[in-house]
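The values are calculated or read from the model by the stated rules, or taken from the named source; none is laboratory data. Please read all numbers here as calculations on a predicted model, not as lab measurements. All Cβ positions, even for glycine, are placed from backbone atoms using ideal geometry, and neighbour counts span all protein chains on display. What goes into the accessible areas is simple: the full protein's heavy atoms, side chains included, and nothing from ligands, DNA or RNA. Shrake-Rupley method; radii C 1.70, N 1.55, O 1.52, S 1.80 Å.
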Amino acid sequence: MIILKSKAEVEKIAKASRIVASTLQALKAYVSPGMTTLMLDTFAEKRIIEAGGIPAFKGYRNFPATLCVSVNEEVVHGIPSDKVLKDGDIVGMDLGVIVDGFYGDAAITVPIGEVDDEILRLLDVTEKSLYAGISQGLPGGRLSDISHAVQSTVEPQGYSIVTDFVGHGIGRSLHEEPQIPNFGPKGKGPRLKEGMVLAIEPMVNVGKPEVEVLGDGWTAVSSDRSLSAHFEHTVAITKDGPVILTQV
Ligand code: MG
C-alpha cells in the first residue's frame, strides 16, 4: 500500500530532507584527493547531529555508518573505510536523515580533483536522468512514466541502467511502497497522487548493467567493474507537480 502524506507530514519529510541536502552540499565542498572515505562519514555524522537530525542509515539492517560512499565501480552501499580517494576518482555519497520520525534520502556522485571529460559525461547523464524522472512526478500520471523518463535519458547515451536496485516511497520508513524502477514502458503502475513522497534514484553503469555484492555484504559493484554513478532526490507529488525536498 502506498501511504499518502498530509501537508504537515510532507513538511516533516522536508525538514529531514533539508539536512540531507545541506550535508551533501557540504560534503561536496569538503571532499578532496587524499581523504579517506571514513573522513567523509565522520564529517557527515557530526553535521547531521549538529543540525538536529539522526543519521538514518547507521544501524539500518546493521549498516555500520552514516554515509554510503561508493567509489568508481562501486554502484551503491559502499562502507566508509580507510580507502584513500585519489585524483580522477568519482565518489557517490548517499545519505538518509530522520527528523521527528520522518526520513529524507538523497545521493550525489562527485568528481575528485581532475576527472576525464568522458567520466564527467557519465555524471551529467545520470543527474539529467534523475531530473527527467522527477519531471514526470505529476498527479494523474503513472509511476512508470518516471521509470521510462530515466531509461530514455540514459540508454541513448550508451550507458546501462542498473536494474537490481530501485527507488522507493519514503516517509515514516526509509523504504515504503512503491518500488520505482529506473526502466520500463510509460503508462504503467499506480497512478501518481498528491501526497505521495518518492525517492527517485537512477544508478547508471558505463558498461553492462549487472551488479554484484562484495563479501562485506553491502558494497554493490558493477560486475564488469566499469564506472558507475548514482543520483537521488526525495520528491513530493503535489497538485502543482513534483517538489524536490532534498534541495537547499
Ligand atoms: Mg534511497
Next on the checklist: Restricting to region 218-248, name every residue that is open to solvent by 30 Å² or more (accessible area, probe 1.4 Å) and under 19 Å from the mean Cα position of the chain (by Cα).
Outcome noted: 218, 227, 242, 243, 244, 247, 248
Item to check | The listed residue being of a type outside the set (Lys, Arg), touching a residue at least 60 places away in the same chain (Cβ under 8 Å) and more than 16 Å from the ligand (Cβ to nearest atom), out of 232, 194 | outcome: 194
Checklist outcome for this item: The number of residues in region 160-191 that are buried (at least 16 other Cβ atoms within 10 Å of the Cβ) and over 18 Å from the mean Cα position of the chain (by Cα) is 3
Checklist entry - Is at least one residue of region 167-181 at pLDDT 95 or above, over 21 Å from residue 244 (Cβ atoms) and in a loop (DSSP other than H, G, I, E, B)? => result no
Checklist outcome for this item: Those strands (runs of 3 or more DSSP E) completely within region 55-132 that have 2 or more residues that are in contact with an Asp or Glu (Cβ under 6 Å, 6 or more places away or on another chain), within 15 Å of the ligand (Cβ to nearest atom) and of a type in the set (A, V, I, L, M, F, W, C) are 67-71, 102-111
Item to check | Count of region 157-177 residues which are away from the ligand (no atom under 13 Å from the Cβ) and farther than 20 Å from residue 75 by Cα | outcome: 2
